């Protein structure tokens, strides 16, 4: 049965000490002129933001621990890490027994924080089969052989939330579900919402206690033409839909093509999927931090189990 939903951004800045933020900010914005509001992010303001980030992660770790899941389904995207031009599925389920990956990028040197994860391969195979029976046709991966970055393992959309939520220390097996958010053709908001509803139906038919995590978002465009610019109106609307149990309204996103909805903002698809798994249920928005130094509107939310 499905016992919990969580959602979290996964910007690299969130994992780094404040003194390392400026060079990463410069790297991810890549010369794009920054909005005037970025000047307000003084060292003192950034230190306060870091405290809020750590507090947001702590809250999600607590609710995850309290839910006592037997497996955590992580819905995330791939940014030419495992996949690439040669093969880029809209949806894929990893069904292997274990996987590893880096939590931090190669910032002028070797990647750091390599972590190994145990996977719940039995539930993953069941999930892939049942999604296929429902017409989703996911690619099924029994082992990880990255095409684009062979040495880096699974992408950061999976390694970072697994690290920040403490799943390895808690002994929680994961089920990585790849949902395309960057590369054409892209799934609609409606399709993502339906995916979440299907995952809930499948989980509720199983004896295991299943939690689901949306990884990525909110508005951001790292290394793109809008790097460092944050669409606070969009982010607050998304979060209000979650807070008020109006998740189905999120299916309106991505019905038109827009530069604003491209780049990392497309990762909101994973949030839509988890909202679909808790259709009509209000979620708890833990915090929202529009942080230019993270080039991202950072969000934390969860959907508690039913009473």
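Numbers at a glance
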item: Count - residues of region 208-222 that are surrounded by fewer than 24 Cβ atoms within 10 Å (Cβ to Cβ) and within 15 Å of residue 121 (Cα to Cα); result: 2
item: In region 267-291, residue nearest to residue 42 (Cα to Cα) [restricted to those that are surrounded by fewer than 23 Cβ atoms within 10 Å (Cβ to Cβ), out of contact with any strand residue (DSSP E or B) (no Cβ under 7 Å at 6 or more places or on another chain) and in contact (Cβ under 8 Å) with a residue 40 or more places away in the chain]; result: 282
item: Residue check for residue 31: out of contact with any helix residue (DSSP H, G or I) (no Cβ under 6 Å at 6 or more places or on another chain) and at pLDDT below 95; result: yes
item: Checking residue 108 against (1) at pLDDT below 95; (2) buried (at least 18 other Cβ atoms within 10 Å of the Cβ); (3) out of contact with any strand residue (DSSP E or B) (no Cβ under 7 Å at 6 or more places or on another chain), the condition it does not meet; result: (2)
item: Test for residue 130: is it at pLDDT 95 or above and in contact with a helix residue (DSSP H, G or I) (Cβ under 7 Å, 6 or more places away or on another chain); result: yes
item: Odd one out for residue 144, checked against (1) modelled with pLDDT of 95 or more; (2) closer than 29 Å to residue 14 by Cβ; result: (1)
item: Matching residues, region 224-244, being touching a helix residue (DSSP H, G or I) at 6+ places or on another chain (Cβ under 9 Å), more than 21 Å from residue 161 (Cα to Cα) and touching a residue at least 24 places away in the same chain (Cβ under 8 Å); result: 224, 225, 226, 227, 228, 229, 230, 231, 234, 241
item: Residue within region 183-190 that is surrounded by fewer than 20 Cβ atoms within 10 Å (Cβ to Cβ) and without any contact (Cβ under 8 Å) to a residue 24 or more places away in the chain present; result: yes
item: Residue in region 61-77 that is over 28 Å from residue 94 (Cα atoms) and in contact (Cβ under 8 Å) with a residue 40 or more places away in the chain present; result: no
item: Of all residues in region 245-266 being outside any helix (DSSP H, G or I) and out of contact with any helix residue (DSSP H, G or I) (no Cβ under 6 Å at 6 or more places or on another chain), the one that is surrounded by the fewest Cβ atoms within 10 Å (Cβ to Cβ); result: 256
item: Some residue of region 129-142 being more than 20 Å from residue 5 (Cα to Cα) and under 15 Å from the mean Cα position of the chain (by Cα); result: no
item: Some residue of region 269-279 being under 17 Å from the mean Cα position of the chain (by Cα), outside any strand (DSSP E or B) and farther than 27 Å from residue 3 by Cβ; result: no
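Each row is one residue, and each column tells you yes or no for (1) more than 18 Å from residue 130 (Cα to Cα); (2) at pLDDT 90 or above; (3) over 16 Å from the mean Cα position of the chain (by Cα).
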{"residue": "78", "(1), (2), (3)": "yes, yes, no"}
{"residue": "84", "(1), (2), (3)": "yes, no, yes"}
{"residue": "91", "(1), (2), (3)": "no, yes, no"}
{"residue": "116", "(1), (2), (3)": "yes, yes, yes"}
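The values are calculated or read from the model by the stated rules, or taken from the named source; none is laboratory data. Predicted model only: the values in this text are computed from it and were never measured. For neighbour counting, all protein chains shown are included, and Cβ atoms are generated from backbone atoms with ideal geometry for every residue, glycine included.
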